[in-house]
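Here the structure comes first, spelled out in structure tokens, and everything after it is commentary.
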Amino acid sequence: MTTVTLPTVPPPRRLTVPPGRSLAELTAWFGPLPVRRRRIPLAAAALTLPADAGQPAFRFEFDDRELRAVLSSERVEDLPGDRLQLTADLDVDGTPFPVLLRLRVVDRAEDRLLVVGTARLPYRLLRRATGFRLPWRLPATRLRLLVAAEFA
């Protein structure tokens, strides 16, 4: 009788962000001027690495009275210089809005990943598509969403 060793496939890994190890900020711009900058709580963030060599999946959940949304990646591209480009959907009240989030990998280890990234959102298109609104006294032409998270 012979013994055959079958190759093992590692299970998919899911890295999350521990409490207090993340930052999210929403800045409203009117032309070249920032008119409001506000930190918003990042309720949860997860990075799922598939067992095979497929695409990783990022998911950020924002929980604020101004922005209750989920940003989930559809495609992740490697860019030169330890950068990632996420083609994602920002789901606001059940309506997806396409977003391009560019992340810079600050630190990478076997069991953790520290990223910082920004996305620019046209305010009028976001308001028309999803119903997202800033307070009426704040004029804005675009929004910048900044995300910093340490996945472990």
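The values are calculated or read from the model by the stated rules, or taken from the named source; none is laboratory data. Values in this document were obtained by computation on a predicted structure and should not be read as measured data. Neighbour counts run over all protein chains shown; Cβ positions are idealised from the backbone, glycine included. The area values use the complete protein model at the heavy-atom level, side chains included, leaving out ligands, DNA and RNA. Shrake-Rupley method; radii C 1.70, N 1.55, O 1.52, S 1.80 Å.
Listed options for Rg and Dmax of the Cα atoms in Å are [x] 20.2, 63; [y] 26.0, 87; [z] 18.1, 80. The value calculated from this structure is the one marked [z]. In terms of the Cα gyration tensor, with a ≥ b ≥ c the square roots of its eigenvalues, is the range 111-152 rounded because a/c is under 1.5, prolate because a/b exceeds b/c, or oblate? Verdict is prolate for the range 111-152.
Counted residue by residue at 0.36 nm each, then reduced by the alpha carbon distance between them, the extension gain from Arg21 to Glu66 reaches 14.0 nm.
The spacing between the range 78-140 and the range 10-70, judged by their C-alpha centroids, is 8 Å. Spin-label model, Leu125 to Asp82: label points 7 Å out along the Cα-to-beta-carbon direction sit 3.1 nm apart.
Surface composition of the range 11-138: carbon and sulfur atoms hold 50% of the protein heavy-atom accessible area at a 1.4 Å probe. Nearest 0.05, what FRET efficiency do Arg14 and Thr95 give at R0 = 25 Å with Cβ-Cβ as r? According to the calculation, E is roughly 0.40. With the simple spin-label model, which puts each label point 7 Å out from Cα in the Cβ direction, the Ala51 to Ala152 separation comes to 2.8 nm.
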